[in-house]
């Protein structure tokens, strides 16, 4: 123990250790360091083959793939395919009324407590479509032949031409249009015939077109246009009656103005007569214009 405590001994030991360590370091200085660890190479897996799509078939069109059919024990359901037709908006006024009402009712559902009453919606729809149903063409000066001649012979020819149309274009074997409509609607479906209504509508169409083709002296332009427009209104009224089965809303709406159109027809012919009265001297008893005296307000 005393030996190890001797400072000289300990000092000598430390100096010797330092000399040996320094010699080792100097002998290996500058040489590359090498790792003792072995390099591990990474493993490489073979590339997976591409997947091939296998289509499924349903040859019996039962909604179950063919490969599943062997597991199905219930009877097969055959699905039939039909071509879907594109939606077409209704062309009849009745169809348009139905669409309008449905749209308004759906809007009412969304509006909740502030929505309009259903009765008001129906009234508004009928009034709006009524404007469409009665929106007839209005004939004006562009649709007629205006004559600058107003001599006696021109006025006489005009008056006779108006009367000749009434005499030659009428169908005396036809009943009143309202009677024809009544019979048409009352007939069984398999015997229903609208030919008489169509014939009567054609009469007013001929009245309208023939009157529009007459050369009218300037002083009779207003009366002439009034007569043409009322002929056109009567034509549209009766034509709608012939379509009462396919589009019932049209005659329903037009009948509401039918009485006014009948009165308008009488007034238009009376106005023609009154306009010709100042020229009465140019007409003879054999002139067809004498027919217009039937529309004089003085004739009872």
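Read-outs: derived from the displayed coordinates by stated rules, not from any lab. No experiment lies behind these values; they were computed from the predicted model shown.
Remarks
- Taking each residue as 0.36 nm, the span from residue 294 to residue 58 lengthens on full extension beyond its C-alpha to C-alpha distance by 76.7 nm.
- Descending semi-axes in Å of region 142-230, equivalent ellipsoid built from Cα gyration tensor: 35, 12, 9
- The three principal axes of the Cα atoms in region 158-300 give end-to-end lengths of 56, 31, 26 Å, sorted in falling order.
- Pairwise inverse Cα distances across region 130-192, averaged and inverted, put the Kirkwood hydrodynamic radius at 16.4 Å.
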